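Chemist: Mind having a look at this structure? Questions to follow.
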């Protein structure tokens, strides 16, 4: 029994939701998002809440139950408040700069790394070692943050690299004589 799936998702005022042909569309003050609904769960619109129930008692439908409810909750949260991920850059000479729809990174390579920012995502660099990624689609924000981080993952000896804000990097001891 899914404890998360049992809870209905509340629709706040100013947000409208509609289900049409297996697609849930949510419109709010920040924009519009859509989600293709799974056949293994039944999603219903009941007044100012969205309820998700498994179709059968199979393992697959029970496992999709909590996932589908969380995806619906992320749509509602995205169109009302939006999401933000913050990356921190540690290392001598490592820096970032936002130029329009491009993020320029200097990460110790012989060339600069240019990353194109997808549509619907806003990237800001308050200082040259911090990157703030914000938007309404949680999946796109997480994907862009992971692609940026992949260029220089934090290494365990000096702690240099790109990390999420609040991420703990396990430090190792270096060689001893």
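The values are calculated or read from the model by the stated rules, or taken from the named source; none is laboratory data. Quantities reported herein were computed from a predicted structural model and do not represent experimental measurements. Cβ coordinates were reconstructed from backbone atoms using ideal geometry, including for glycine residues, and neighbour counts include every protein chain displayed.
Chemist: Condition first: in a helix (DSSP H, G or I) and surrounded by 13 or more Cβ atoms within 10 Å (Cβ to Cβ). Now tell me which residues in segment 148-177 satisfy that.
Modeler: Passing the criteria: 148, 149.
Chemist: Of all residues being without any contact (Cβ under 8 Å) to a residue 12 or more places away in the chain, in contact with a strand residue (DSSP E or B) (Cβ under 9 Å, 6 or more places away or on another chain) and not in a strand (DSSP E or B) in segment 93-126, which is nearest to residue 78 (Cα to Cα)? Just the residue, please.
Modeler: 126
Chemist: For segment 37-45, does any single residue satisfy the condition of being under 19 Å from residue 65 (Cβ atoms), touching a residue at least 40 places away in the same chain (Cβ under 8 Å), in contact with a strand residue (DSSP E or B) (Cβ under 9 Å, 6 or more places away or on another chain) and in the same structural domain as residue 59 (by TED's automatic domain parsing)?
Modeler: Taking every residue of segment 37-45 in turn, none turns out to be under 19 Å from residue 65 (Cβ atoms), touching a residue at least 40 places away in the same chain (Cβ under 8 Å), in contact with a strand residue (DSSP E or B) (Cβ under 9 Å, 6 or more places away or on another chain) and in the same structural domain as residue 59 (by TED's automatic domain parsing).
Chemist: Right, next: Return the only residue of 67, 144 being within 16 Å of the chain's Cα centre (by Cα), modelled with pLDDT of 95 or more and outside any loop (DSSP other than H, G, I, E, B).
Modeler: Exactly one residue qualifies, and that residue is 144.
Chemist: Can you tell me which of 75, 33, 87 is surrounded by 19 or more Cβ atoms within 10 Å (Cβ to Cβ), under 16 Å from the mean Cα position of the chain (by Cα) and under 30 Å from residue 129 (Cβ atoms)?
Modeler: When all the criteria are applied, what remains is 87.
Chemist: Let me ask something else about it. Looking only at segment 11-30, which residues are without any contact (Cβ under 8 Å) to a residue 60 or more places away in the chain and either surrounded by fewer than 14 Cβ atoms within 10 Å (Cβ to Cβ) or not assigned by TED's automatic domain parsing to the domain that holds residue 51 (or both)?
Modeler: 13, 16, 18, 20, 21, 22, 23, 29, listed by residue number.
Chemist: A further question on this structure: Kindly establish whether residue 55 is over 22 Å from residue 138 (Cβ atoms) and surrounded by 14 or more Cβ atoms within 10 Å (Cβ to Cβ).
Modeler: Yes; evaluated as a whole, the condition is true for this residue.
Chemist: With the checklist (1) surrounded by 14 or more Cβ atoms within 10 Å (Cβ to Cβ); (2) in contact with a strand residue (DSSP E or B) (Cβ under 7 Å, 6 or more places away or on another chain); (3) at pLDDT below 90 in hand, flag the one item residue 2 doesn't pass.
Modeler: Just one mismatch for residue 2, condition (2).
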